[in-house]
Amino acid sequence: MRVPVIAGNWKMYKTAGDSAAFVRAFLPLVAGVRGVEIVLAPPFPSIAPVAQLVKGTGVGVASQNVHFAAEGAYTGEISPFMAADAGATHCIVGHSERRQYFAESDEMAGKKVRAVLSVSLTPILCLGETLAEREAGKTFEVVERQLLAGLGAVSPAEGPRVIVAYEPVWAIGTGKTATAPQAQEVHAFLRLRIRRLWKDAAASVRILYGGSVKPENISSLMSQADIDGALVGGASLSPGSFADIVKFH
Ligand code: PEP
């Protein structure tokens, strides 16, 4: 039985004050919700204040990125340990905006997944094809390459600690959602591929969908056999719409 995960990625939005105001408004809206893991991914300066405010509620806090090194001369970066020390429980790895605007490679995503696991954070490995790749019939080839590079150094025993997020790049921030069957087709493929890597452990791996998820489309996505939650960008910025997504059933 896979517990669904609904994660909100705030990207480069919200000051520490805005983040705290969100949490204060959001927590009462989801107070009675059971059977769903909720994760908030604020910008770096908001990790500590958000972690402080959600303490004891079961809500997780994700760093949106980390460097793979433990420490060093990497100006502008933070290490997985620093994210954990600030109160993070999860870390997004290989988001398409990191790949597109900051030249992050498949190899870097693999190193980051390893580094994140080594400090006991839960990695949320993002992968997905661009519109050009989908139209060229390369969706499965691309997501398989990203999956194997991201998870190649993870043992089957560690496998269930990893969360995978399928985020077709053409659906992120565009208002275009993959249809539930379109998403399910890729999720089923990913689970099959994870099964070849980790055998039975694949059944416990949560595979999230991301790409213009809203309160209106979450239920149909969640009705699919291999969709175990959502990574939500735009619609996670308002406490009301994010709470409605969390309460999808
Ligand atoms: C994301 O940032 O991971 C995302 C899926 O964004 P949006 O929901 O805005 O498409």
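Rule-based calculations on the coordinates, nothing more; no lab input. It should be emphasised that the depicted structure is a prediction, and the values quoted were computed from it without experimental measurement. No Cβ is skipped: glycine too gets one built from the backbone with ideal geometry, and neighbour counts run over all protein chains shown.
Is the shape of segment 165-249 best called rounded, prolate or oblate, per the rule: a/c under 1.5 gives rounded, else a/b larger than b/c gives prolate, else oblate, with a ≥ b ≥ c the square roots of the Cα gyration tensor eigenvalues? Prolate shape, in that a/c is at least 1.5 and a/b is the bigger ratio.
Given R₀ = 41 Å, what would the calculated FRET efficiency be for residue 140 paired with residue 3, taking r from the Cβ atoms and rounding to 0.05? Before the final figure, lay out the partial values.
Working: r = 27 Å, r/R0 = 0.66.
Between residue 140 and residue 3 the formula returns 0.90.
What FRET efficiency do you get for residue 21 and residue 101 if R0 is 41 Å and r is their Cβ-Cβ distance, rounded to the nearest 0.05? So, using R0 = 41 Å, E works out to roughly 0.90. Starting from the Cα gyration tensor of segment 101-200, take the square roots of the eigenvalues, sort them a ≥ b ≥ c, and report rounded, prolate or oblate (rounded when a/c is under 1.5, otherwise prolate if a/b is larger than b/c, else oblate). Judged from the Cα gyration tensor, segment 101-200 comes out prolate (a/c at least 1.5, a/b above b/c).
Let me have the 222 nm mean residue ellipticity of the chain computed from DSSP H runs of 4+ only, each contributing -39500 (n - 2.57), with the sum over all residues rounded to the nearest 500. Write down the numbers at each step before the final one.
On the way: 10 runs with 101 residues, N = 249.
Value at 222 nm, helices only: -12000 deg cm²/dmol.
For segment 5-236, the number of Lys pairs with C-alpha atoms closer than 20 Å, counting only pairs eight or more positions apart or on separate chains, is 7.
The alpha carbon gyration tensor of segment 3-78 gives principal lengths a ≥ b ≥ c with a/c of 1.5 or higher and a/b greater than b/c, which makes the shape prolate. Extents of segment 173-217, largest first, come to 36, 16, 15 Å (Cα atoms, principal axes, whole angstrom).
Relative to a virtual label point 7 Å from the Cα of residue 153 in the Cα→beta-carbon direction, which members of segment 76-99 show backbone nitrogen distances below 16 Å? Residues passing the 16 Å test: 79-81, 93-94. Pairs of Cα atoms nearer than 8 Å and 6+ residues apart set the relative contact order; for the chain it is 21 percent. Overall, segment 5-236 carries a charge dipole of about 320 debye about its Cα centre when +1 sits on the Cβ of Lys and Arg and -1 on the Cβ of Asp and Glu, all other atoms neutral.
What list do you get for 244, 200 if you sort them by fewest beta carbons within 10 Å? Write down the numbers at each step before the final one.
Numbers: 244 17, 200 9.
Going from sparsest to densest Cβ surroundings: 200, 244.
Note that segment 5-236 carries a Kirkwood radius of 17.7 Å, evaluated over its alpha carbons pair by pair.
Mean sequence separation of contacting Cα pairs (under 8 Å, at least six apart), scaled by the length of segment 179-249, corresponds to a relative contact order of 33 percent.
Approximating the spin labels as points 7 Å out from Cα along Cα→Cβ, the residue 34-to-residue 69 distance works out to 4.8 nm.
Can you give the extra length, in nm with one decimal, that the chain gains between residue 176 and residue 200 once fully stretched, where that is 0.36 nm per residue apart less the Cα-Cα distance?
Numbers: separation 24, 0.36 × 24 = 8.64 nm, distance 3.37 nm.
Using 0.36 nm per residue and subtracting the Cα-Cα distance, I get 5.3 nm.
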